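Engineer: Here it is, the structure in full.
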Amino acid sequence: MKRREAITSILTLGAGALATGSGIFKAEAREVQTTYKFSTYTPLTYNFDGLKGLDKDMLEQHYALYRGYVNNTNKAQSIMAEMLAAGKADTTEFSEVRRRLGFEYAGMRLHEYYFGMLKPEGSPVDEKLKRAVSAFWGSWENWIADITRTAMMRGIGWAILYYDPVTKGLQNFWIDDHENGNPPGFEPIFVLDVWEHAYIKQFGAGGRRAYIDALLKNVDWSVIAKRLP
Ligand SMILES: [Fe+2]
C-alpha cells in the first residue's frame, strides 16, 4: 500500500447519520474521509570544527544520535498515521508510539537549540542578554552559577533557561529525559545537554563539571540573545 493510501481512512456512516446542506436528512450511506497529516523533519547540519576543549569526534557521535531522534520522530508519526488509517488507534501499541513521539520530538528539538548555540571559542556576552538575565538573577554571574548548579543535578536530562512570556521572566529548569518538565508556553533560550553521551567519551563519567566549563567557553551568546522575544 502506498503511503498516501495508508494515511487515508474512509469511514462509512450509517444511513441518515448526517444532515445535508438543505437540512433534510438523507437516507443513504455517506463517506467521510479522514486524513492524518504529519510533518517530515530533516536533520539540520552543524560544523564542529575548532570548538575549544571539546572533542570533535565526541560531538560528531552526539550529532549522529541527534539524527536518530529526527529519524525516529518521522518514523513514529508514520506508524501512527498508518495505524490510524488501519483502525488500530485504540490499542496499547498505538499509545506507546504516541508516548514515544514526545520523547523523540523533544530530543530532536532540544538538540537543535543545543548544537545551534556552539561557536569556536564562543562570543562576548551580548549586552541585551546580560541585562535581561541580570534583571531576574541579580547578575550574570549569579545566573551562570545557577544554570551550572541546575546542570549538575543528578540524572540524565537538560538544564534550560526559559523565557516566560507571561511574566517576561527568565527561569532555569531541569528537564528529565527530553520531554519531562518543559514548562508549557515558555521559550527555550539557553539549552544545555547533560546526558552522559554529551561528555563521557572525553571527560569520563565523573566529568560533567569539566564538560560544562568547556562548553560555556564555546557559546555564541548572540545566538542566545536572538532567542529572546
Ligand atoms: Fe544529547
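Engineer: Out of the residues in region 181-207 meeting the condition of being within 20 Å of residue 120 (Cα to Cα) and in a helix (DSSP H, G or I), tell me which one is nearest to the ligand (Cβ to nearest atom).
Structural biologist: Checked region 181-207; the qualifying residue nearest to the ligand (Cβ to nearest atom) is 198.
Engineer: Quickly run through region 212-229 and pick out the residues that are at pLDDT below 95 and either out of contact with any strand residue (DSSP E or B) (no Cβ under 9 Å at 6 or more places or on another chain) or assigned to a helix (DSSP H, G or I) (or both).
Structural biologist: Applying the first criterion (at pLDDT below 95) to region 212-229 yields 229.
Within region 212-229, none qualify.
Engineer: Then there is this: How do the helices (runs of 4 or more DSSP H) wholly within region 55-154 filter down when requiring 1 or more residues that are crowded, with 17+ Cβ neighbours inside 10 Å and within 16 Å of the ligand (Cβ to nearest atom): which remain?
Structural biologist: 56-85, 92-115, 140-151
The values are calculated or read from the model by the stated rules, or taken from the named source; none is laboratory data. What you see is a predicted model, and the numbers here were worked out from it, not measured in a lab. As a convention, Cβ positions derive from the backbone with ideal geometry for all residues, glycine included, and neighbour counts pool all protein chains shown.
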